[in-house]
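Just so it is clear, none of the values below were taken in a lab; they were calculated from the coordinates. Computed from a predicted model, the values in this text were never measured in an experiment. All Cβ positions, even for glycine, are placed from backbone atoms using ideal geometry, and neighbour counts span all protein chains on display.
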Ligand code: AMP
């Protein structure tokens, strides 16, 4: 469990060091299925190493795994980012994610892992179709590298945020 009392507020990844981040770059709105590589995989136009499929969800091995067993779990709905995904697809993903995690643990023998979902180029997203990474963490030098530089939560800011987030949720649940 993370402690939320550290110096600065930034979560930095040190995976894919060759990737150029593009903060503030535009995120595509709803894509058509053919727009991304994952859309093409869902359509069967390009192959993948499939490990799971149902009506709404597909899971397959990442082509450039961080560690052995690195698996991607995607909705069939072509939503670019999580906030644009329907409740139905979100529920379908949530229903199977733990099961696929258990299968990855069983297959790799690695009990610790990260589940990662990037949204936007500045947040390391390269493929604009929602996907959850399941990344086994066999050792401290393997898997997802994280620098979690948190700061203390300011009480005034917290109250303001609670108000604005709850108001937003009431407006557009
Ligand atoms: P992200 O940075 O979260 O957008 O991650 C995209 C992931 O998709 C990367 O880890 C890629 O290795 C992976 N990827 C890209 N193309 C394919 C593909 N054809 N099959 C499997 N994984 C892919």
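Fewest Cβ neighbours within 10 Å first, please rank 35, 55 accordingly.
55, 35
Just order 42-52, 112-122 by mean Cβ neighbour count inside 10 Å, highest at the front, would you?
112-122, 42-52
Cα-Cα pairs above 24 Å in the stretch 33-173: how many percent?
41 percent
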